[in-house]
Amino acid sequence: MKYRDKTWDLPEVDTKEYTHCFHTYPAMMIPQIARKLLKRYGVEGGWLLDPYCGTGTSLVEASLFGMHSVGCDINPLVRLIATAKLTPIPRRTLTAHLDTLNDCLFQVEFSDKVPEKPVPDVPNLAYWFSEEVIRSLAFLRAWIDEVEEETVRNFLSVAFSETVRECSYTRNGEFKLHRMPAEKLADFQPDVFGIFRKKLSRNQHGLAMFMEKRQDVDASVSCANTVSGEFPMPRPLGGYDIVVTSPPYGDSHTTVAYGQFSRLAAEWLGLPNARKVDRLAMGGHPTDSKLTDSPVVAAIEKIRSVDEKRAQQVAAFYTDLGGSIHSVAKMLSSRATVCYVVGNRRVKGVMLPTDAFVISEFSRYGFSHQQTIVRNIPNKRMPHKNSPTNVAGKTAATMNEENIVVCERTNL
C-alpha cells in the first residue's frame, strides 16, 4: 500500500531539538520522522540499526525513546558528529572546560594578536581561507588537541568543524566546494572566535536538553561498511529489532556531495580519507555489471539510451545499495521492521523507483511490504534541482517528495 499523508510533511517543526542542533549536514532526515516511526514500530529496550547513520538522527531519537542503537557510516566527520551527539558529558566538566576556553580567548582578543600555532597540512589552504582565519583556526585546533577528555574534545571538535566551514571562502548554500565570487572576498572577514563561541553555546544547551530526556541505553557509531559485507558491533543476540534510516539518494558525484561538504573540516581535524568519501560511497565506482530482475532496470536502460556513463553510475549505486541491504538483512531479528526513507530522484529526466527497489531487495530475505508513506520535503537541506542536460541555465526538479518504506519480516 502506497499513499500520501500530509501529516508526515511536518513543515513547521523544530528540527534542531536536543543534540540535533549540533551540526548542519546535507539531506538530513528530520528527527520527527524517526520519532514517529519509533513510536509506531519501536521496541523499548530493543535494538535499532542505522546502516547509513550520517550525523546520528535515528540514534539520538532511539536514545530518547529507550532503544539501544548502533549506527555506521563511511564518513569519519559524521561519525565524530554522531558520537558527540550521543555522548553525555557531566555538566560541571563541560562548563569548566568552556570557562577555561573563554578566558583564554578573552586574553587573546584583549592582546589583539593570535599566537602562532602549527597549521594542519590542508591542500590549497590559502585558496579557501584568509591568513587571519588560518591563524585563528590553528589556535583553536591546538587548544582542542590539548584537552585530555575525549568526550569534551569531540564536543569541541564538532563546533570547530562548523566554524571551519562558515569561515571559509566556500559559497553559502552549496554542498560542493565552490569559492565565493572575487568581489565578495575583500568584505568577508568572519569573527572566528565569535562564531565558535556561538556554536559551543548552542550545542551546550542542546546537550543539556538531551541529557534530561535520554534513557539509560547503549548507543555507538561504527565505521563498518555494509556494502562491503562488514557488520557493526555490537550485534545483539537475536538480531536488531528495527532499522530506521535514510540511505544516500544516489552516488555522491551527481547527487549530494557529502564528501565535498565535509572535506575542509575533516582536513583541519586530521580525519582519515577526507578526500575519498565520495569515491568510497555507494556508486562511487561505476560498474559494467547490469542489474536483472529489479524495478530500476527499465529506468536505467532509458538513461543508457542517452548517456552510457550516467547509466553506469546509476547502476553502480543500486548494485551497492542492494549489497548493503543483503548485509543489513543478515543482522535483523526474525520479526524485524525496516523503515527506509528514500527519494525517487530523476536522472536525465528519468524517474528512478528507489522505493520499489528497496521493497524488492528486502523481499528476497523474507520481508513483506507493509506500506509506503509519501511526504513532501518542506525543510530538508538538499538540492531540489539539477542540470540533466548539462546545458547552462537548463534545470529540472530532482526530488520534492520522499517515500517512507516500511517492510516487516514475516518468513525466515
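The values are calculated or read from the model by the stated rules, or taken from the named source; none is laboratory data. Just so we're clear, the structure is a prediction, and the values are computed from it rather than from any experiment. Neighbour counts are summed over all protein chains in view; Cβ atoms, including those assigned to glycine, are modelled from backbone coordinates with ideal geometry. Just the protein is used for accessible areas: all its heavy atoms, side chains included, with ligands, DNA and RNA removed. Shrake-Rupley method; radii C 1.70, N 1.55, O 1.52, S 1.80 Å.
Observations, loosely collected:
- Simple rule: put +1 on each Lys or Arg Cβ and -1 on each Asp or Glu Cβ in the chain, find the dipole, and look at His178, Ala281, Met351; the Cα lying farthest toward the positive end is Met351.
- Solvent-accessible surface ranking, highest first, for Lys176, Lys290 at 1.4 angstrom: Lys290, Lys176
- When the square roots of the Cα gyration tensor eigenvalues are ordered a ≥ b ≥ c, the ratio a/c for the stretch 267-385 is under 1.5, which makes its shape rounded.
- Apolar share of the accessible surface for the stretch 238-370: 49 percent from carbon plus sulfur atoms, 1.4 Å probe.
- Straight-line reach from Lys330: taking Cα to Cα under 15 Å and skipping same-chain neighbours fewer than 8 places apart, the aspartates and glutamates in range are Asp50, Glu230, Asp241, Glu361, Glu408.
- Portion, in percent, of the accessible area of the stretch 14-94 that falls on carbon or sulfur, probe 1.4 Å: 51 percent
- Accessible-area order (highest first, 1.4 angstrom probe) of the listed residues His178, His97: His178, His97
- Summary value for the chain: 21 percent relative contact order, contacts being C-alpha pairs under 8 angstrom separated by 6+ residues.
- Three-way shape call for the stretch 183-301 based on the alpha-carbon gyration tensor, with the a/c threshold at 1.5: oblate
- Using the Cβ of Gly270 as centre and a radius below 10 Å, the other residues enclosed give a net charge of -2, where K and R count +1 and D and E count -1.
- Computed Rg/Rh of the stretch 234-300, alpha carbon atoms with Kirkwood Rh: 1.09
- For the stretch 163-216, carbon and sulfur atoms together expose 44% of the accessible surface, with a 1.4 angstrom probe and every protein chain in place.
- Accessible area of Glu116 (1.4 Å probe, protein heavy atoms only, ligands and nucleic acids ignored): about 140 Å².
- Separation of alpha-carbon centers, the stretch 138-169 and the stretch 262-321, rounded to whole Å: 32 Å
- Under the simplified labelling scheme, the Asp5-Asp307 pair shows an inter-label distance of 3.5 nm, with each label point 7 Å from Cα along Cα→Cβ.
- Listed residue pairs exceeding 25 Å between alpha carbons, taken from Lys117/Lys199; Lys36/Lys276; Lys36/Lys213; Lys6/Lys199; Lys2/Lys36: Lys36/Lys276; Lys6/Lys199
- Three-way shape call for the chain based on the alpha-carbon gyration tensor, with the a/c threshold at 1.5: oblate
- Potential lengthening of the chain between Thr151 and Met351 amounts to 67.6 nm, from the contour at 0.36 nm per residue minus the alpha-carbon distance.
- Calculated accessible area for the chain comes out at 44 Å² per residue, all protein chains present (probe 1.4 Å; ligands, DNA, RNA ignored).
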